[in-house]
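A.B. asks: Structure below; questions to follow.
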Amino acid sequence: MSVLDFDYMLGLVPILLSYLPLTLEMAAAGMVLALALACGLAVIRVLKIPGLNAATMLFISFFRGTPLLVQLFLFYYGLPQLLHFLTQINGITATIMGLTLHFSAYMAESIRAAIVGVDRSQTEAALSIGMTNGQLMRRIVLPQATRVAVPTLMNYFIDMIKATSLAFTLGVTELMGATQKEAAGSFLYFEAFVTVAVIYWIVVELLAWGQRRLEARLNKAYSR
Amino acid sequence: MIQIANLTKRFAGTAVLDGIDLDIEQGEIIVVIGPSGTGKSTLLRCLNFLEHPDAGQLTLGDLQVDVTRASRRDILAARRRTAFVFQNYALFANKTALENIAEGLIIVNRWPKDKAHARAREILERIGLADKADAYPASLSGGQQQRVGIGRAMAAQAEVILFDEPTSSLDPEWVEEVLGLMKQLAAERQTMLVVTHEMGFAQDVADRVVFMEGGRIVEQGPPAQLFQSPQDPRTRDFLRKVLAAQPAPQTL
């Protein structure tokens, strides 16, 4: 008898892959929403808008300071107790919400750092030729900040894809949840989890490859 | 024509500019000299509103501004009438040499892109960098970057170009090419207000040399007069120290 049941694993691949779209959809939705929220939070932090700045710092502190799993349980099991309309919330929505809030806290800080990191003298140069603050942000600061922020933001996206696996604790049958069910039926736990690990790994590697190409393009202006 | 009257700037209660009065004729080249920390750079930065002056009146061509009542529009208008050349070049790192020069024309003056690029190419020709149009700042030498910085200022077609120690952060080998370009502009009677420690440049190119100390203009005059027979003891003291440190202008 062989150590691994390869036929079982090969048969499992198409079954598991049919759940990959849901995993990727949750990650993509979470990423888009988190990015939008993080940009807003970063601008509040950069401009130090009174009141909102303190609130933003508290938000970031909480969502960075507590585990994602705790946050997901809070949204899915905890909050509906207080806010009854949330009893309608399904596991997928709760997961996207949790991913959005959790990762936006991290992403806001890296976007803020990227904006602040753009050489101050370029800002002065832009003002000196009569640009407005908006023009200066759009034409000079944000394009350069993007280049600095992209590698970290891509890392958060990769993290987020893996974090969608927590959705199975909210009863969502995504990639991880499907694997769990298949394994429970066949008792071939080792084979099932090796298979799903390899699927996650390949997806992440494909993204990392895309990330390297994107970075090479963004860095074109800066190579000597 | 530029008139500066009673220009005052305080940092934390200390007057860095203590009532500066200075008139600049069109086509005049003025060099400002003086010890470090006497407000020379602040003077330039206030004219461009990179620092907001606390008091004074400015006349920049057809624009008159009482700085205490300057609106956002006045500030933008003042910036369009003054172009700035920075000590550390401050080129836009995400733009090519051509785009650095064309950027203001496109965004601020709202020129069509083709027209702005054509003008930028003419300017690149004049600053001797036609072959570097598509180079990014990171791939240019210090001297080339500063020439693009000057090209960006030329594109603005301002009443005056303000030079804030344009050669101070350059390696010695690049100083000549930047000074050469400035001399070329001076020969074309581009109005210039230059803060520099290059006494040779002041001697050869300036119509008028202004000596500043403690936020005030102590003495001013044609270079021959100011360098050869300075009237104020502070001017004499400064020139003695500076000329001991660098080769004296030939005529001294």
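A.B. asks: Counting just the residues of region A:185-196 that are surrounded by 11 or more Cβ atoms within 10 Å (Cβ to Cβ) and of a type outside the set (Phe, Trp, Tyr), which one comes out nearest to the other protein chains (Cβ to nearest Cβ)?
C.D. replies: Of the residues in region A:185-196, the ones surrounded by 11 or more Cβ atoms within 10 Å (Cβ to Cβ) are A:186, A:188-196.
Now narrow it down to the ones that are of a type outside the set (Phe, Trp, Tyr): A:186, A:188, A:191-192, A:194-196.
Working: A:186: 55, A:188: 53, A:191: 50, A:192: 48, A:194: 45, A:195: 44, A:196: 42 Å.
Here the residue is A:196.
A.B. asks: Just for region B:52-91: of the residues that are crowded, with 18+ Cβ neighbours inside 10 Å, aliphatic (A, V, I, L, M) and part of a loop (DSSP other than H, G, I, E, B), which one is farthest from the other protein chains (Cβ to nearest Cβ)?
C.D. replies: B:91
A.B. asks: Another one. Quick one: which strands (runs of 3 or more DSSP E) sit completely within region B:175-235 and have at least 2 residues that are within 22 Å of residue B:155 (Cα to Cα)?
C.D. replies: B:192-195
A.B. asks: Would you check which residues across region B:148-173 are touching a Lys or Arg at 6+ places or on another chain (Cβ under 9 Å) and more than 14 Å from every other protein chain (Cβ to nearest Cβ) and list them?
C.D. replies: Those that are touching a Lys or Arg at 6+ places or on another chain (Cβ under 9 Å) and more than 14 Å from every other protein chain (Cβ to nearest Cβ): none in region B:148-173.
A.B. asks: Follow-up question, since we're still on this one. What do you reckon, is residue B:116 among the aliphatic types (A, V, I, L, M) and modelled with pLDDT under 95?
C.D. replies: Judged against the criteria, residue B:116 is not a match.
A.B. asks: Taking region B:105-119 as the region of interest, how many residues are part of a loop (DSSP other than H, G, I, E, B) and more than 9 Å from chain A (Cβ to nearest Cβ)?
C.D. replies: 3
A.B. asks: Keeping to region B:6-38, report how many residues are part of a strand (DSSP E or B), in contact with a strand residue (DSSP E or B) (Cβ under 9 Å, 6 or more places away or on another chain) and either of a type in the set (Ser, Thr, Tyr) or in contact (Cβ under 8 Å) with a residue 40 or more places away in the chain (or both).
C.D. replies: 19
A.B. asks: I would also like to ask the following. I need a count of the residues in region A:107-164 that are out of contact with any Phe, Trp or Tyr (no Cβ under 6 Å at 6 or more places or on another chain) and among the aromatic types (Phe, Trp, Tyr).
C.D. replies: 1
A.B. asks: On to the next question. Go over the candidates B:189, B:216 one by one and state the one that is farther than 24 Å from residue B:147 by Cα and either under 19 Å from the mean Cα position of the chain (by Cα) or buried (at least 21 other Cβ atoms within 10 Å of the Cβ) (or both).
C.D. replies: B:216
A.B. asks: Looking at (1) under 23 Å from residue B:170 (Cβ atoms); (2) among the aromatic types (Phe, Trp, Tyr); (3) more than 10 Å from every other protein chain (Cβ to nearest Cβ), which one does residue B:136 not meet, given that it meets all the others?
C.D. replies: (3)
A.B. asks: Quick one: is residue B:102 more than 7 Å from chain A (Cβ to nearest Cβ), assigned to a helix (DSSP H, G or I) and buried (at least 24 other Cβ atoms within 10 Å of the Cβ)?
C.D. replies: yes
A.B. asks: Follow-up question, since we're still on this one. Return yes when residue B:210 is surrounded by 14 or more Cβ atoms within 10 Å (Cβ to Cβ), touching a Lys or Arg at 6+ places or on another chain (Cβ under 6 Å) and closer than 26 Å to residue B:26 by Cβ and no when it is not.
C.D. replies: no
A.B. asks: Just to be sure I understand the filter: pairs with C-beta atoms under 7 Å, separated by 6 or more residues or on different chains, first member in region A:56-76 and more than 21 Å from residue A:168 (Cα to Cα), second member of a type in the set (Ser, Thr, Tyr). Which pairs pass?
C.D. replies: A:64/A:106
A.B. asks: If you check A:147, A:139, which single one turns out to be surrounded by fewer than 20 Cβ atoms within 10 Å (Cβ to Cβ) and within 14 Å of chain B (Cβ to nearest Cβ)?
C.D. replies: Unique residue meeting the criteria: A:139.
A.B. asks: Confirm whether residue B:29 is surrounded by 15 or more Cβ atoms within 10 Å (Cβ to Cβ) and within 14 Å of another protein chain (Cβ to nearest Cβ).
C.D. replies: no
A.B. asks: Does any residue in region B:123-141 that is over 19 Å from residue A:218 (Cα atoms) and without any contact (Cβ under 8 Å) to a residue 40 or more places away in the chain come within less than 8 Å, Cβ to Cβ, of a residue that is of a type outside the set (S, T, N, Q) and assigned to a loop (DSSP other than H, G, I, E, B) six or more places away or on a different chain, and which pairs are these?
C.D. replies: What qualifies is B:124/B:133; B:132/B:140.
A.B. asks: Separate question: Inspect all residues belonging to region B:2-9 and state whether any of them is in contact with a helix residue (DSSP H, G or I) (Cβ under 9 Å, 6 or more places away or on another chain), charged (D, E, K, R), surrounded by 15 or more Cβ atoms within 10 Å (Cβ to Cβ) and farther than 19 Å from residue B:85 by Cβ. Give the steps one after another, and end with the answer.
C.D. replies: Filtering region B:2-9 for residues in contact with a helix residue (DSSP H, G or I) (Cβ under 9 Å, 6 or more places away or on another chain) gives B:2, B:4, B:7-9.
If we keep only those that are charged (D, E, K, R) too, we end up with B:9.
Now drop any that are not surrounded by 15 or more Cβ atoms within 10 Å (Cβ to Cβ), which leaves B:9.
If we keep only those that are farther than 19 Å from residue B:85 by Cβ too, we end up with B:9.
Yes: region B:2-9 contains one or more residues that are in contact with a helix residue (DSSP H, G or I) (Cβ under 9 Å, 6 or more places away or on another chain), charged (D, E, K, R), surrounded by 15 or more Cβ atoms within 10 Å (Cβ to Cβ) and farther than 19 Å from residue B:85 by Cβ.
A.B. asks: Looking at (1) more than 14 Å from chain B (Cβ to nearest Cβ); (2) free of Cβ contacts under 8 Å to residues at least 40 places away in the same chain, which one does residue A:159 not meet, given that it meets all the others?
C.D. replies: The single condition residue A:159 does not satisfy is (2).
A.B. asks: In this structure, is residue A:175 more than 9 Å from chain B (Cβ to nearest Cβ) and either closer than 29 Å to residue B:50 by Cβ or among the aliphatic types (A, V, I, L, M) (or both)?
C.D. replies: yes
A.B. asks: If you scan region A:1-35, which residues turn out to be hydrophobic (A, V, I, L, M, F, W, C), in contact (Cβ under 8 Å) with a residue 24 or more places away in the chain and over 19 Å from residue A:185 (Cβ atoms)?
C.D. replies: Once the filter is applied, which keeps residues that are hydrophobic (A, V, I, L, M, F, W, C), in contact (Cβ under 8 Å) with a residue 24 or more places away in the chain and over 19 Å from residue A:185 (Cβ atoms), region A:1-35 yields A:20, A:22, A:24, A:26, A:27, A:29, A:31, A:33, A:34, A:35.
A.B. asks: Can you work out which of the residues in region A:114-131 that are among the β-branched types (Val, Ile, Thr) and more than 17 Å from residue B:72 (Cβ to Cβ) is nearest to the other protein chains (Cβ to nearest Cβ)?
C.D. replies: A:118
A.B. asks: For residue A:134, indicate whether it is within 14 Å of chain B (Cβ to nearest Cβ) and out of contact with any Cys (no Cβ under 6 Å at 6 or more places or on another chain). Write out each step before concluding.
C.D. replies: Working: within 14 Å of chain B (Cβ to nearest Cβ): yes; out of contact with any Cys (no Cβ under 6 Å at 6 or more places or on another chain): yes.
Yes: the conditions hold for residue A:134.
The values are calculated or read from the model by the stated rules, or taken from the named source; none is laboratory data. Bear in mind that the values here come from a model prediction, so they are computed numbers and not experimental data. So basically every Cβ, Gly included, is an ideal-geometry build from the backbone, and we count neighbours across all protein chains shown.
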